[in-house]
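Values quoted throughout were computed directly from the atomic coordinates according to the rules given, and no laboratory measurement underlies them. Note that the coordinates shown come from a computational prediction; the quantities given were computed from them, not determined experimentally. When we count neighbours, we look across all protein chains shown, and the Cβ atoms used for this are built from the backbone with ideal geometry, even at glycine.
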Amino acid sequence: MKREKGQERQRRQKRQRMLRKTVGSRGASRRSAVSRQTAETRVELRLNVDGSGRTKIETPIPFFSHMLDAFCRFANLDLELTAAGDVEIDQHHTVEDVALALGQALREALGERRGIRRAASASVPMDDALGFCAVDLSGRPFSVFDAKFGKERQGELELDLLPEFFRALANSSRANWHLRIEYGENEHHKVEALFKSAGSALGQAVARDGARAGAVPSTKGVLE
Ligand SMILES: [Mn+2]
């Protein structure tokens with residue numbers, strides 16, 4: 001009786017191993033590390049695309065750090081990021097270079113983008129506000145940003161840098177990012193709903209799609 005149980009367990013474990021191999025749902029974690037230094041900024045990060053939304057984010061702009069955190073949590077990205085920059089001039093270099101480093105890290109972690117879902121969209125509310133994002137990890141950079149703000153800053157973050165952030169992210173991740181704030185009253189909620197929708201869409205797009213069996217999801221056969 002005991003021996004049968006042991007054999008049964010072994011057979012079950014073998015079936016699970018075969019299933020993982022076939023579906024690819026438990027492949028190696030997709031990770032990357034990026035170090036980016038210019039005369040204006042320094043960004044260091046470590047990314048795990050197959051994470052659980054654990055973050056350690058330090059930038060000189062607390063509200064920006066808060067938004068990156070929300071983005072990662074909704075995408076299930078593990079991210080350790082430290083950024084320093086010439087924010088005494090303004091925040092442009094720092095916000096843009098964080099996006100460039102993050103996009104590069106995504107690109108490197110995803111590699112050939114085999115077996116991923118590739119395109120996804122998400123609407124995420126935050127109380128009065130609704131954010132929307134559609135992303136296609138197509139290998140082609142493009143961003144569309146449709147949002148109006150009632151003030152220049154949220155916290156310390158200069159809000160006119162948000163389209164710059166997503167344009168830089170699109171360029172370096174080589175992906176289409178379409179973002180819209182559908183409506184909302186509170187600026188904090190509007191921006192946070194937007195970052196959450198972006199994270200949620202990305203989390204779905206990078207997910208391994210078992211039906212693809214590891215194939216590159218493109219009619220061209222190449223996605224990088
Ligand atoms: Mn918040």
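For region 31-212, the C-alpha radius of gyration divided by 2.2 N^0.38 Å, with N the number of residues, is 0.95. Direction-averaged projected area, Cα convex hull, region 93-167: 6.2 nm², rounded to one decimal. Here the chain carries DSSP beta bridges of which approximately 80% are antiparallel, counting only pairs with both residues inside. Amide H contacts under 5 Å for Ala119: Leu137, restricted to partners 5 or more places along the chain or on a different chain, H placed in the peptide plane at 1.01 Å from N. Residue pairs exceeding 29 angstrom between C-alpha atoms, taken from Lys148/Lys220; Lys56/Lys190; Lys56/Lys196; Lys190/Lys220: Lys148/Lys220; Lys190/Lys220. For Lys56, neighbours were defined as the other residues whose beta-carbon sits under 10 Å from its Cβ, and their charges (Lys and Arg +1, Asp and Glu -1) total -2. Summarising the strand pairing of region 109-189, around 75 percent of its internal DSSP beta bridges are antiparallel. Cβ-Cβ distance of Glu80 and Glu40, R₀ of 22 Å, FRET efficiency by 1/(1 + (r/R0)^6): the value works out to about 0.55. In terms of surrounding Cβ atoms within a 10 Å radius of their Cβ, Lys220, Lys196 rank from fewest to most as Lys220, Lys196.
Computed extension length for His93-Arg114: 4.3 nm, one decimal, from 0.36 nm per residue of separation with the Cα-Cα distance subtracted.
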